[in-house]
Structures are given as C-alpha cells and as structure tokens.
Amino acid sequence: MRRDLAPVTVDRVELVRVRLPLVTPFRTSFGVQTERDALLVLVAAADAAGWGECVTPATPIYTEEYTDGAAHVLEHVLVPALLGPGGRLRAEDVALRLQGFKGHRMAKAALESAVLDAQLRLAERSLADHLEVTRDRVPAGVSVGIPDGGIPHLIDLVDGYLAAGYVRIKAKVARGADVAPMQALRSRFGAGLHLQVDANAGYDPDARADVAALDALDELGLVQIEQPFAPDRLRAHAEHAARWRTPVCLDESITDAARAVEALAMHACRIVNIKPGRVGGPLEAVRVHDACRDRGIPVWCGGMLETGVGRALNVAIAALPGFELPGDISASDRYFAEDVTEPFVLVDGHVAVPDGPGIGRVPRDDVLRRADRRRIDPR
Ligand code: NPQ
Ligand code: MG
C-alpha cells in the first residue's frame, strides 16, 4: 500500500455515545448482551472530519477493556496527549504519541481510525483504495450466541441465517453447551455446513472434563476452534493444537503483530482472527495481516457488534488478500433494527466494500441528535 496521506489539523475530538437495542439477545461464555452501548469518536479537523468506533463491550468480559474505562482514558489521557503538541496529525502519529500509555488498544484504535478517516476524506480517497484491497465485496459470516431455547432454538437460528445467505456459521460454545449442540447442527445441516466454534477462552487446559469436551468437538469436522483457553496460555494452545485435527484460531491472544509472530512460531494456532480494535488500530491490523500472509497463515476479520462506523472499517480491511476465510462480518440487521449509518446489507451472501471517501459511512444526523456528545478541546 499505501501511499502517504496528507496530515490533518485536528482541533477537537468528540466522544459520541449511542445506545442501540440488539434485535436478539447475544449470549456467550461470559453472559448475555441485550443492547449495544456504542462509543464513537469524531476527530474534527479544520480541513476534514473523521469517525472511528471504540469497540469495547460495556463491561470487561472479553478483555480488560470496557466502554466507561475507554471513554475516561480517551477524555483524560489519550485525547489530551494527542491534541497537546498541536499541529498536524497522521494516523501513524497516533500510536507513536500514545505509546507511553500501556494497553487501551480499543480506545487507541478508535482515535487512529478516526484520524485515518479524516485524512482519507481530505484526500477524497476511499479506505479500500488506500489499502489497495483486491475485492469489492466480502463473504458474510455470522456469530451465533448460545440460545436460551436450547438446541431446537439454535437449529432455528442457524436455519434462518443460512436462508438469509450467510456462508459460514460460528457458534459460541461454553462448558456444558458445546458437544451436544454442535453434534445436533452436524446432524441437521450435514458435513457440508461451514461450521466453527468460538470458546472465548472459556476452557481450562488443565481440567480433564474441559479437554474431553474439546477432544469431542475435534471429531465434528469443524473449520476451526477459536480461543479455547485464556489469552496468555499460548503454550497450552500449542500443546493441544498438536493433537487436534481441527485448526486452532486465536482471537483474544493476538494483541499485536509481534504476538501473532510468536504464536505462529510456537504453533499455538494455524489461523488468526484480526480485529482492528483488539490490536490497537487499522495500521497494526494490516501489519498482523502482512505477517500472517508472509507465513502462509489465513486470517479472517472478527466482529465486536460494531455499528456501521466500525463495520465500515472492518469490511475494507477484510477485503485484503490474506483474509481467506469468511469473518464475523454480518449485515447491520444481524444486530440492529436501525444502524447508526446507512446499513450494511447482505447480497448473495456478501457485504459490499464501501467505495465512498474515507470509511465510506458516517452516522446519520437523527442519530447524532439523540446521542450523548462530549467535546474535548485542546488545553
Ligand atoms: C468474538 N465477537 O469473536 C467476539 C466476542 C464478543 C461477534 O462473536 C459486546 C461487545 C458483547 C463485543 C460479546 C463475536 C460482545 C462483544 C462477545 C464481543 O470473540
Ligand atoms: Mg472470538
């Protein structure tokens, strides 16, 4: 890629909170979500404006990050540091200026995405062009929570998603809700169903019952098993991955490109889930992609129940050539009756890559009018 973009002169940042009810409750190994409390970041420059989404969940269920914490560190630490020295900003400057502050990758990613969007809008260029992506649409997968109504409900949900055109089903699994439901999906939909599972680190590699359940899942011809163990248990992932036919995919473990390289060197996984928020921004997401591509490792784009702002970024990134597997890129209506932007829709099992300037989507005015907006000016 990825020609140089002119910097933007940022004069303020706004944090924009909008609550969106989910069309169906979303249950994972860590609990049930019924709404999305979205945190959007607006970078207002003299010459352009850009949007990013902070993908934190409301509580620290997935990693340590959560939305109130992210909003606090953005307002009191990250944005002041970014606006402090004044002058012109490029997306590359965001991680550099903020590198002294540990962690908070999702918060940093929102800022980097917004600055990149502003730069691209100034240049009247789409993110997809800038990244030199190789596709104009990406195959749509769907992440299916653990349903309240047990196996019959799961089968109905999957039936509906397949009828809508989704090309890949990812089912959440947890202790006690794993082998039987996945066997049921195999019996109902057959060996041809592109089926994979995500454990969200819910299993203990040293517990015999947990390993027995995972060994049984390994018999079901799954396309992959995602993040069975805690994020820092790379060695445990490698040990069990060596015994399983099913490829292990890592999500929570992969915090940046260096960690991806380490995980691959120790054979902790054969597939990598890339989420721009989890790795600190779109630029690091591209570096993870490039590192995996150099090593012949397929990647796919994960999802964090993004609104149209975060989804737009994900769709463009997922159009890079190393994204060989369908990701958690769904249509807006998988999660929301009304998205904050023009919705993403499913066409023939695919989602179109936006071709407008920047990420190709902005929040609608009526959404911004009902949002809670907090303005951060330079000190
Ligand atoms: C994953 N996402 O791949 C995550 C986990 C996840 C689409 O499966 C609120 C916000 C609740 C983000 C629950 C999908 C969430 C969330 C689960 C992300 O591991
Ligand atoms: Mg996951």
For the stretch 231-244, just list the computed ³J(HN,Hα) in residue order, Karplus coefficients 6.51, -1.76 and 1.60, θ = phi - 60°, integers in Hz, with x standing in for Gly and Pro.
x, 8, 8, 4, 4, 4, 4, 4, 5, 6, 4, 5, 8, 8
Per-residue HN-Hα couplings for the stretch 313-325, Karplus 6.51 cos²θ - 1.76 cosθ + 1.60 at θ = phi - 60°, whole Hz, x for Gly and Pro?
4, 4, 5, 5, 4, 5, 8, 5, x, x, 7, 8, 10
7 Å from Cα along Cα→Cβ at both Gln99 and Glu64: what's the point-to-point distance in nm?
2.0
Working from Cα positions, state the angle (0 to 90°, nearest 10) between the long axis of helix 179-189 and the longest principal axis of the chain.
90
Accessible area per residue, 1.4 Å probe, Å², for the chain: what's the number?
40
Any chance you could give the angle, 0 to 90 degrees and rounded to 10, that helix 208-217 forms with the longest Cα principal axis of the chain?
90
Restricting the count to DSSP beta bridges whose residues both fall in the chain, what percent are antiparallel, rounded to a multiple of 5?
65
For the chain, rounded, prolate or oblate, judged on the Cα gyration tensor with a ≥ b ≥ c (square roots of eigenvalues), a/c < 1.5 rounded, else prolate if a/b > b/c?
prolate
What FRET efficiency comes out for the pair Asp215/Arg235, r = Cβ-Cβ distance, R0 = 25 Å, nearest 0.05?
0.85
Restricted to the stretch 128-352, the DSSP antiparallel beta bridge percent, nearest 5, is 20
Read phi for every residue in the stretch 293-298 and hand back ³J(HN,Hα) as whole Hz from Karplus 6.51 cos²θ - 1.76 cosθ + 1.60, θ = phi - 60°, with x for Gly and Pro.
4, 4, 9, x, 9, x
Classify the stretch 128-352: rounded, prolate or oblate, from the alpha-carbon gyration tensor (a ≥ b ≥ c, eigenvalue square roots; a/c under 1.5 rounded; otherwise prolate if a/b is larger than b/c)?
oblate
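Pop out the carbon and sulfur fraction of the accessible area of the chain as a percent, whole number, probe 1.4 Å. The partial results should precede the final answer.
Details: 7490 of 15020 Å².
Within the chain, the accessible surface is 50 percent carbon and sulfur.
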Mind checking the dipole of the stretch 101-202: about its Cα centre, +1 per Lys or Arg Cβ, -1 per Asp or Glu Cβ, Debye to the nearest 20?
300
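Let a ≥ b ≥ c be the square roots of the eigenvalues of the Cα gyration tensor of the stretch 47-175; is it rounded (a/c under 1.5), or, if not, prolate (a/b larger than b/c) or oblate? Walk me through the numbers on the way to the answer.
Numbers: a/c = 3.55, a/b = 1.60, b/c = 2.21.
In terms of gyration-tensor shape, oblate.
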Rough spin-label spacing in nm, given labels placed 7 Å along Cα→Cβ, for Asp333 and Asp355:
2.4
Which far-off residues, 5 or more places away or on another chain, put their amide H under 5 Å from the one on Ala140, with H placed in the peptide plane?
Val167, His350, Val351
Signed unit charges on C-beta, dipole axis of the chain, positive-most listed residue Ala177, Leu22, Phe101:
Phe101
Between Ala81 and Arg125, what is the label-to-label distance in nm when each label sits 7 Å out along the Cα-to-Cβ direction?
2.7
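Using just the helices of the chain, give the 222 nm mean residue ellipticity in deg cm²/dmol: DSSP H runs with n ≥ 4 each add -39,500 (n - 2.57), and the total is spread over all residues, rounded to 500. Present the calculation step by step, with values, prior to reporting the outcome.
Details: 13 runs with 125 residues, N = 379.
The helix contribution divided over the chain gives -9500 deg cm²/dmol.
What size of dipole, in debye to the nearest 20, comes out for the chain about its Cα centre when the only charges are +1 on Lys and Arg C-beta atoms and -1 on Asp and Glu C-beta atoms?
Numbers: 45 positive and 53 negative charges, 61 e Å.
Result for the chain is approximately 300 debye, rounded to the nearest 20.
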Mind jotting down the distance between the C-alpha centroids of the stretch 171-202 and the stretch 293-334, whole Å?
21
Calculate how steeply helix 150-164 sits against the longest principal axis of the alpha-carbon atoms of the chain, using the helix alpha-carbon long axis, and give the answer as 0 to 90 degrees to the nearest 10.
60
For the stretch 216-353, what is the charge dipole size about the Cα centre, in debye to the nearest 20, if Lys and Arg each add +1 at the Cβ and Asp and Glu each add -1 at the Cβ?
480
How far, in nm, would the chain grow between Val345 and Arg208 when pulled straight, counting 0.36 nm per residue and subtracting the alpha carbon separation?
45.0 nm
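The values are calculated or read from the model by the stated rules, or taken from the named source; none is laboratory data. Model, not experiment: these values are computed from the prediction. Don't worry about glycine lacking a Cβ; one is built from the backbone with ideal geometry, like all the others, and counts go over all protein chains shown. SASA here: full protein model, heavy atoms, side chains in, ligands and nucleic acids out. Shrake-Rupley method; radii C 1.70, N 1.55, O 1.52, S 1.80 Å.
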